[in-house]
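Written below as structure tokens is the structure these notes are about.
The values are calculated or read from the model by the stated rules, or taken from the named source; none is laboratory data. None of these values were measured; they are calculated from a predicted model. Cβ placement follows ideal geometry from the backbone for every residue including glycine, while neighbour counts extend to all protein chains displayed.
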Amino acid sequence: MVRAISARCTRRREPRPARPFAMRRASMNASDHAPDLASLRGFLALAQELHFTRTAQQLGISRVRLSQLIRRLESQVGTPLFRRTSRSVTLTAAGHRLCGLITSPYEQLLAGIEEVRTAPSRITGRIRLGLAEPALGEVSGPVLQAIAHEHPGCTIEIHTGPLDNAAETSRSLRDGLVDALLARLPVDDPDLVTGPVLAAEPWSLAVARSHRLAHQPTVSAADLTKLQDRPLLHLPTTHPACRATFSGPFPAPPGPAVRAGKADTAHHRPGRPVAGLRDLRAHVAAGHGIAICVPSLHRHFFGADVVFPTVVDLPATQVALIWHRSGPDERVLALAEAVTEHRLRRREETKKPGEARRTAGQTTPAEAR
């Protein structure tokens with residue numbers, strides 16, 4: 001028994017026969033079966049020319065590179081596609097079959113890519129665009145005009161809403177009365193999706209001409225904390241797009257609203273909200289308080305008795321494209337893409353020449369992969 005076991009243990013193993021070329025396909029990953037366009041282009045060109053040197057010259061690549069592409073494709077399909085001799089190159093039966101199967105789809109693929117690349121306009125038809133504030137048309141106007149010029153088949157129809165009731169404009173988006181909305185960020189609504197930013201504005205301070213800060217072109221956030229005698233006024237609405245217009249990064253503390261008038265100005269404590277836009281304007285013009293606002297609202301909302309020093313150390317307010325989460329129209333998504341492309345181009349155009357040259361010479365992580 002021991003001798004038999006010892007004989008089996010010392011018996012030399014026979015080498016496993018190599019698997020045929022075609023059998024290796026079963027062990028390949030699914031990703032290995034997906035040929036790239038370069039390999040398909042090289043295969044179809046060689047199938048027509050049946051000459052490696054002429055085909056490589058036609059494609060503008062080296063003969064070695066063409067051989068690599070053909071070998072890679074043959075490895076992916078799991079069978080030789082060409083018979084190569086010192087004098088000729090011919091298609092195998094598998095090569096003939098593959099050529100007949102992919103020639104038409106490959107040409108359709110190239111035609112589709114060319115059609116998309118040369119399309120005069122990706123946005124066609126009408127887009128109903130709501131504005132959470134009337135002044136947002138002025139802020140986003142340059143971007144929208146540029147997009148309309150680049151996409152002449154698209155008509156952007158503007159719908160404005162009341163400044164003191166931005167929630168009404170949001171309802172028009174939910175009800176399908178507009179396709180998309182321009183609003184200031186943040187928009188804290190789970191049903192709405194925030195798209196690309198169209199524009200940004202610095203914050204400014206609205207003060208009466210008699211105020212001691214009226215003669216300063218700029219102020220800092222630290223200056224505002226020292227104004228205990230002049231309360232910072234806020235709107236009472238809870239809608240972020242409207243509230244951010246007049247409160248900026250400063251949170252409005254809770255408390256009852258007050259109305260303009262001699263009887264109740266003494267009860268107007270720092271940081272207390274006012275009842276509405278008219279009351280806010282009246283308090284600021286009378287010197288009873290100050291307000292944070294944006295340049296686009298200066299002449300739309302305030303009169304000549306109010307001046308606007310710029311607040312230099314607060315993050316800018318941003319205006320973005322908003323749509324409903326239930327499913328935006330394809331035109332809205334195309335508009336969002338056009339906005340992103342426009343801002344990227346503007347960013348490149350405004351770079352300094354030296355910075356642009358450095359950026360052009362850099363390799364992005366995607367290109368490195």
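Observations, loosely collected:
- Restricting attention to segment 149-174, the residues that are surrounded by fewer than 20 Cβ atoms within 10 Å (Cβ to Cβ) and either in contact with a Phe, Trp or Tyr (Cβ under 8 Å, 6 or more places away or on another chain) or modelled with pLDDT of 85 or more (or both) add up to 6.
- Here segment 299-314 is the region considered, the condition is being part of a loop (DSSP other than H, G, I, E, B) and surrounded by 11 or more Cβ atoms within 10 Å (Cβ to Cβ), and the residue that is nearest to the chain's Cα centre (by Cα) is 314.
- Which listed residue, of 192, 182, 227, 232, is surrounded by 15 or more Cβ atoms within 10 Å (Cβ to Cβ), hydrophobic (A, V, I, L, M, F, W, C), in contact with a His (Cβ under 7 Å, 6 or more places away or on another chain) and modelled with pLDDT of 60 or more: 192
- All positions within segment 195-219 that are surrounded by 14 or more Cβ atoms within 10 Å (Cβ to Cβ) and assigned to a loop (DSSP other than H, G, I, E, B): 202, 203, 211, 213, 214, 216
- Out of 134, 80, sole residue that is in contact (Cβ under 8 Å) with a residue 60 or more places away in the chain and either outside any helix (DSSP H, G or I) or assigned by TED's automatic domain parsing to the domain that holds residue 179 (or both): 134
- Evaluating residue 128 against the criteria (1) crowded, with 16+ Cβ neighbours inside 10 Å; (2) assigned to a helix (DSSP H, G or I); (3) touching a residue at least 40 places away in the same chain (Cβ under 8 Å) leaves one unmet condition, (2).
- Single residue of 291, 320, 338, 282 found to be in a helix (DSSP H, G or I) and surrounded by 20 or more Cβ atoms within 10 Å (Cβ to Cβ): 338
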